[in-house]
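The values are calculated or read from the model by the stated rules, or taken from the named source; none is laboratory data. Since the model is a prediction, treat every value here as computed from it, not as a measurement. Every residue, glycine as well, gets a Cβ built from its backbone with ideal geometry; the counts of neighbours run over all protein chains shown. We work out accessible area using only protein heavy atoms, side chains counted, and drop any ligands, DNA or RNA first. Shrake-Rupley method; radii C 1.70, N 1.55, O 1.52, S 1.80 Å.
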Amino acid sequence: MPLCSFNSSLVFYCDLNDARYPDNSNVCETSATGDGGYGPPYGLGANQVAPKVTNGCAFLIEGVGTFVLVITVLHAAVHKKSTASNAAPIAIGWAVLIAHLVLVPQTGCGINPARAFGPLVVNSMGGLNKWTRGWWVYFTAPFVGSLFATLTYQFIFQEREENNDKKNDDTKKPHPEDKTFGNEDTEAVPIP
């Protein structure tokens, strides 16, 4: 995964940083390096914590965004009794959309560590230092959020499913007053 993000960032950087733009007129000011030169255009989508957002708050909301995404995947695509089937990608897409609508203004929505890593590396290669305040949030919060989502699914939702399966198994057992014996694989034989 990091390789794909890295490659796409590198291709974008190389395409826009060639001889067609000798005066760097088509490069935004956020690409300016400290020595007056220009690095990769628009920071290549490197995530940064907004100035008014603390690192702790960024960690929390990135973790919650990842939690929402992972719990949606577990319920829509993994759960045995999911009725989503072919609609699971739609549910997952909506979860990603909601996470982006909420998180982009605060953190740039880095709910995927591979997505955050590629642009940071390519920006570093291009001379921009995007490894600034809060860079660690994009590598720790998604793991913590996905861990909580998995534990929630495992111990809350899946436990209920197992209990319901046990109740259904109890109802399938023959009643003592039933006048037949046998199992589901053979035909029932009446007792004389």
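Remark: pairs (first residue in the range 146-169, at pLDDT 65 or above; second residue of a type in the set (G, A, S) and surrounded by 10 or more Cβ atoms within 10 Å (Cβ to Cβ); Cβ separation under 9 Å; 6+ apart in sequence or on different chains) = S146/G63; F148/G63. Consider the range 132-145 and keep the residues that are part of a loop (DSSP other than H, G, I, E, B) and either at pLDDT 85 or above or at positive phi (or both). The one that is surrounded by the fewest Cβ atoms within 10 Å (Cβ to Cβ) is W136.
Return yes when N129 is over 18 Å from the mean Cα position of the chain (by Cα) and outside any loop (DSSP other than H, G, I, E, B) and no when it is not. So N129 does not fit the description; no.
With the condition kept exactly as written, say whether any residue in the range 115-131 is of a type in the set (F, W, Y), at pLDDT below 90 and surrounded by 18 or more Cβ atoms within 10 Å (Cβ to Cβ).
Narrowing the range 115-131 to residues of a type in the set (F, W, Y): 117, 131.
Cutting the leftovers down to at pLDDT below 90 gives us 117, 131.
Okay, now just the ones that are also surrounded by 18 or more Cβ atoms within 10 Å (Cβ to Cβ), so 117.
Yes; the residues of the range 115-131 include at least one that is of a type in the set (F, W, Y), at pLDDT below 90 and surrounded by 18 or more Cβ atoms within 10 Å (Cβ to Cβ).
Within the range 50-94, the only residue that satisfies the criterion of being open to solvent by 30 Å² or more (accessible area, probe 1.4 Å), of a type in the set (G, A, S) and not in a helix (DSSP H, G or I) is S82. The set of residues in the range 57-116 being more than 22 Å from T140 (Cβ to Cβ) and polar (S, T, N, Q) consists of S82, T83, S85, N86.
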